[in-house]
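The block underneath contains the structure these notes are about, expressed in structure tokens.
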Amino acid sequence: MDDRPIGVFDSGFGGLTAVRALHALLPEEDILFFADNGRAPYGGREREQLRRMAKQDIDLLVGGGVKAIIAACGTVSSNAADVLHSASVPVTGMIEAPVEAIRASGGSGPIGLIATAATVRSGTFAAALREACPEREVLSVACPDFVPLIESGHVQPGEPAVQEAAERYLKPLREKHLTTLLLGCTHYGLIEPALRACFGYEIEVVEASSCAAAAVAASLRKEGLRGAGSGRLRCLTSGDAALFTRLAPLLLGTSAPLEVRAIAPMEE
């Protein structure tokens, strides 16, 4: 038994998809979430800068007394794996769990990866997919407009700006008759209906954050580190606390008031 909270961090609101998945699997676990909205988006940054920022994000959560961390950011996971692995508590990124889920599904046909520019540029996700599913074609598309749209609150179904961007980015994947779509950025789960609508046929959508949450839940059970807290969620943001307080409950699907505290943005 270990009643310390689970830590989750992301560049912004996207990490709430991991928080939501964790709470569904482990409703009794306390969670400490850090949204680095003040430095979002991460997707256009260079690798060394991302490594420094990842260490800062991890150190912040470790200082908050967490027992494990989900790095709910595909950009960090694909560019700073060494930083995640060197942390003083177990850190689960966004790559291994969804890739294993796709391999285990035994599907066929092309796999599409959509992610930030930095994630696609790193090639880490695509390489892991090709190794796990060598018989399947892997197609990667960077979608830089999605995160700024989501961070500014464009997450409701039917948002014209989101739908236009989705149609533009996903057109080459649709033309390849894609069968599996991997959301390599946790933000993208917040607009999944718009993404599905672009295809016009049933497609397997794999959300990296949900897979990572399932992996953490399994690990805590195996290691005897499950807690028996109250399911408390504490949120830190380096951005606008009022905006976070307004949008986060909508994204989490809850009307319960959130504990939100603003912190100053860290040096980059």
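Coordinate-derived values only; no laboratory data. The structure presented is a predicted model; accordingly, all values stated were derived computationally and were not measured. Here the Cβ positions follow ideal geometry from the backbone for every residue, glycine too, while neighbour counts run over all protein chains shown.
Apply the a/c threshold of 1.5 to the C-alpha gyration tensor of segment 216-257 and tell me whether it is rounded, prolate or oblate. The shape class here is prolate.
According to the Cα-based calculation, Rg over Rh for the chain is 0.94, with Rh computed by the Kirkwood formula. The spacing between segment 228-250 and segment 4-29, judged by their C-alpha centroids, is 11 Å. Dividing the mean sequence gap of close Cα pairs (under 8 Å, 6+ apart) by how many residues the chain holds gives a relative contact order of 29 percent. Each residue, Arg196 and Glu28, gets one label point 7 Å from its Cα in the Cβ direction; the gap between the two is 3.2 nm. When the Gaussian network model of the chain links Cα atoms closer than 10 Å, the mean-square fluctuations of Gly107, Gly15, Gly239 top out at Gly107.
For the residues Tyr169, Tyr201, Tyr42, a GNM of the chain with alpha-carbon springs under 10 Å puts the largest fluctuation on Tyr201. Placing a pseudo-label 7 Å from each Cα along the Cα-to-Cβ vector at Ser86 and Arg47 gives an inter-label distance of 1.4 nm. Each residue in Ser108, Ser209 was given a count of other beta-carbon atoms within 10 angstrom of its own, and listing them fewest first yields Ser108, Ser209. Counting 0.36 nm for each residue step from Leu243 to Met266 and taking away their Cα separation leaves a gain of 6.4 nm.
The spacing between segment 102-118 and segment 195-216, judged by their C-alpha centroids, is 10 Å.
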